[in-house]
Amino acid sequence: MTSQRKTSRFLPRFGAVAVLTAALLAGAVSAPVVAQTVDRHSAAVAASSYVALGDSFTSGQGAPPYVLDGTPCLRSKRASYPIFADLVSPLKLVSNKACSGASTGDVPAQLLGVSQSAALVTLTVGGIDAGSNAVLAACAPDPASGDCIDAINDSFTQLSGLAPKLVGTYGLVAATLPQAKIAVLSYPRQFKPGFSPLGDVLNGATDALNVVIAGSVLALANPNIRFVDASQEFAGHGIGSRVPYFAFDPLNPFAPANFHPNALGNSLGYTRALVNDGVLRLR
């Protein structure tokens, strides 16, 4: 079945996610309601636990407000894709350990205390290793600056050493949670093509990063680990589009949410990609 046919198959059933997203944005659904819903899951569903790992794209940094847990992880309180995945599927999200700024070197600590019975793990990781934070810090004030160009060039250079780190990280997750299916999600293009010269360069860097991620998953040849490409679900919704799936405040280039999937991106982008690729089964 082609990706296009998969998408058309699931779109009608995915209307509930769109309604839920609207309710969250309007404040009609709160975290306590989510918690109560999770508590009503049957014992059989509770056994199918779900754990989220990795960086800010999984923590939900682009969809404030954040959980006030004393950490700098910027985990979305209501609208990360792991929360949406829990709400639309029989799986129970038992822990989102993803954290803003996390690299491959942080994943081992995230695995500590994770239930061995986890049925699904999702993660995004590798962007920090490739220098994404350095690029944004250098380019947000002045995209035409020499510092920005240098940071982008350094990021491309760092990709050459990323694959072994990713292979080691994915292998560790699989060894630690042998019963779990592991979904490694791509990083979607953040900008509408042609919106800005810098946006086009950063989109190209994202494409290059995803090639390394997909290749690392393929290299492991582990049937429990799969690459989920969310590019189709995010297509047409970059920064500068009519309905962006990314947070961006042009008046505050350093806003924490900037350049990360917003509630729409997490629901109609990432969560829909997990459904369309068969990782999630809708209720």
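Exactly one residue among PRO108, PRO82 is modelled with pLDDT of 95 or more and within 21 Å of ALA263 (Cβ to Cβ), and that residue is PRO82.
If a residue has to be of a type in the set (D, E, K, R), over 19 Å from PRO193 (Cα atoms) and surrounded by fewer than 22 Cβ atoms within 10 Å (Cβ to Cβ) to count, how many in the range 240-277 make the cut? Step through it out loud before you land on a result.
So in the range 240-277, the residues of a type in the set (D, E, K, R) come out as 242, 249, 272, 277.
If we keep only those that are over 19 Å from PRO193 (Cα atoms) too, we end up with 272, 277.
Keeping just the survivors that are surrounded by fewer than 22 Cβ atoms within 10 Å (Cβ to Cβ) gives 277.
Residues that pass the stated criteria total 1.
Given the structure, is ASN262 within 16 Å of the chain's Cα centre (by Cα) and touching a residue at least 12 places away in the same chain (Cβ under 8 Å)? Yes; evaluated as a whole, the condition is true for this residue.
For VAL173, the stated conditions hold: it is at pLDDT 95 or above, assigned to a helix (DSSP H, G or I), among the hydrophobic types (A, V, I, L, M, F, W, C) and under 20 Å from PHE57 (Cα atoms).
Among the candidates VAL107, VAL135, VAL94, VAL114, which residue alone is closer than 18 Å to LYS165 by Cα and β-branched (Val, Ile, Thr)? Break it down stepwise before answering.
Values: VAL135 fails: closer than 18 Å to LYS165 by Cα; VAL94 fails: closer than 18 Å to LYS165 by Cα; VAL114 fails: closer than 18 Å to LYS165 by Cα.
One residue alone meets the criteria, VAL107.
When ALA205, ALA144, ALA140, ALA163 are checked against the criterion of being in contact with a Pro (Cβ under 7 Å, 6 or more places away or on another chain) and either over 23 Å from GLY278 (Cα atoms) or not small (Gly, Ala, Ser) (or both), ALA140 stands alone in meeting it.
Output the residue which, of all residues in the range 188-222 that are in a loop (DSSP other than H, G, I, E, B) and surrounded by fewer than 23 Cβ atoms within 10 Å (Cβ to Cβ), is modelled with the lowest pLDDT.
To start, the set of residues in the range 188-222 that are in a loop (DSSP other than H, G, I, E, B) comprises 188-190, 192-196, 221-222.
Imposing the further condition that a residue be surrounded by fewer than 23 Cβ atoms within 10 Å (Cβ to Cβ) reduces the set to 192-196, 221-222.
Details: LYS192: 97, PRO193: 96, GLY194: 95, PHE195: 93, SER196: 88, ALA221: 97, ASN222: 98.
Filtering the range 188-222 for residues that are in a loop (DSSP other than H, G, I, E, B) and surrounded by fewer than 23 Cβ atoms within 10 Å (Cβ to Cβ), the one modelled with the lowest pLDDT comes out as SER196.
Residues in the range 109-143 that are under 20 Å from VAL184 (Cα atoms), part of a helix (DSSP H, G or I) and in contact with a helix residue (DSSP H, G or I) (Cβ under 6 Å, 6 or more places away or on another chain): LEU111 only. Figure legend. Inter-residue proximity from the range 76-96: first residues of a type in the set (Val, Ile, Thr), second residues at pLDDT 95 or above, beta-carbon distance below 6 Å, spacing 6+ or different chains. Indicated pairs: VAL94/SER49. The set of residues in the range 249-267 being of a type outside the set (S, T, N, Q) and part of a loop (DSSP other than H, G, I, E, B) consists of ASP249, PRO250, LEU251, PRO253, PHE254, ALA255, PRO256, ALA257, PHE259, HIS260.
The values are calculated or read from the model by the stated rules, or taken from the named source; none is laboratory data. The shown structure was predicted, so the numbers you read here are calculated from the model rather than taken from an experiment. Counting neighbours? That spans all protein chains shown, and the Cβs are built from the backbone with ideal geometry, glycine included.
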